[in-house]
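*Asks:* The structure under discussion is supplied below as structure tokens; questions concerning it will follow.
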Amino acid sequence: MEIYMQKIGLIRDDINPKNTNLNLDIDWFVDYTNTDQDEINFNIILKSCKNFNLNFKVEGLIKLDLFEEFVQDEFSQIIFYHACNVLMDMISITRESVHILSKKEYSNLSSKKSTDTPLNKLW
């Protein structure tokens with residue numbers, strides 16, 4: 001079996017939780033199409049129920065090996081496990097962060113003549 005996550009979407013509040021521990025109560029479901037074929041499409045949606053408002057969706061594809069049987073409960077658990085891992089990574093990388101640039105750091109970003117750039121010299 002091969003499982004592919006083809007599209008991932010995350011909608012979350014503008015406000016970030018202020019504590020370092022995030023406890024999520026997740027409601028989730030997996031919807032399958034083409035369950036009688038060797039390639040099965042799925043959508044999994046995870047929604048938080050309480051403290052931290054978010055909606056997370058993964059669209060993907062399962063490719064079954066020859067003579068492999070589709071067992072919905074088993075596949076749903078595998079997909080849920082991996083979707084939760086991706087969700088936690090996305091929450092981590094989309095958390096609020098502040099970056100202050102000093103004038104010295106961004107003064108090198110001034111525009112140059114296009115003929116002076118290394119990219120133009122390569123062409």
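The values are calculated or read from the model by the stated rules, or taken from the named source; none is laboratory data. Note that this is a predicted model, so its numbers are computed, not measured. Ideal geometry is used to build each Cβ from the backbone, glycine not excepted, and the neighbour counts take in all protein chains shown.
*Asks:* How many of the residues making up the stretch 50-74 are part of a loop (DSSP other than H, G, I, E, B) and surrounded by 11 or more Cβ atoms within 10 Å (Cβ to Cβ)?
*Replies:* 6
*Asks:* Give just the number: which of (1) in contact with a Gly (Cβ under 6 Å, 6 or more places away or on another chain); (2) without any contact (Cβ under 8 Å) to a residue 40 or more places away in the chain does LYS57 not satisfy?
*Replies:* Condition not satisfied by LYS57: (2).
*Asks:* Can you name the residue in the stretch 75-97 that is assigned to a loop (DSSP other than H, G, I, E, B) and out of contact with any strand residue (DSSP E or B) (no Cβ under 8 Å at 6 or more places or on another chain) and is also nearest to ILE11 (Cα to Cα) among such residues?
*Replies:* Checked the stretch 75-97; the qualifying residue nearest to ILE11 (Cα to Cα) is ARG95.
*Asks:* Here's a follow-up. What pairs can you find where one residue is in the stretch 87-102 and modelled with pLDDT of 75 or more, the other is in a loop (DSSP other than H, G, I, E, B), and their Cβ atoms are less than 9 Å apart, with a gap of 6+ or different chains?
*Replies:* Correct list of pairs: LEU87/LEU24; MET88/LEU22; MET88/LEU24; ILE91/LEU22; ILE91/LEU24; ILE91/PHE52.
*Asks:* Can I ask one more? Could you check, for the stretch 33-49, whether at least one of its residues is modelled with pLDDT under 80 and either assigned to a strand (DSSP E or B) or out of contact with any helix residue (DSSP H, G or I) (no Cβ under 7 Å at 6 or more places or on another chain) (or both)?
*Replies:* Yes, there is a match, as at least one residue in the stretch 33-49 is modelled with pLDDT under 80 and either assigned to a strand (DSSP E or B) or out of contact with any helix residue (DSSP H, G or I) (no Cβ under 7 Å at 6 or more places or on another chain) (or both).
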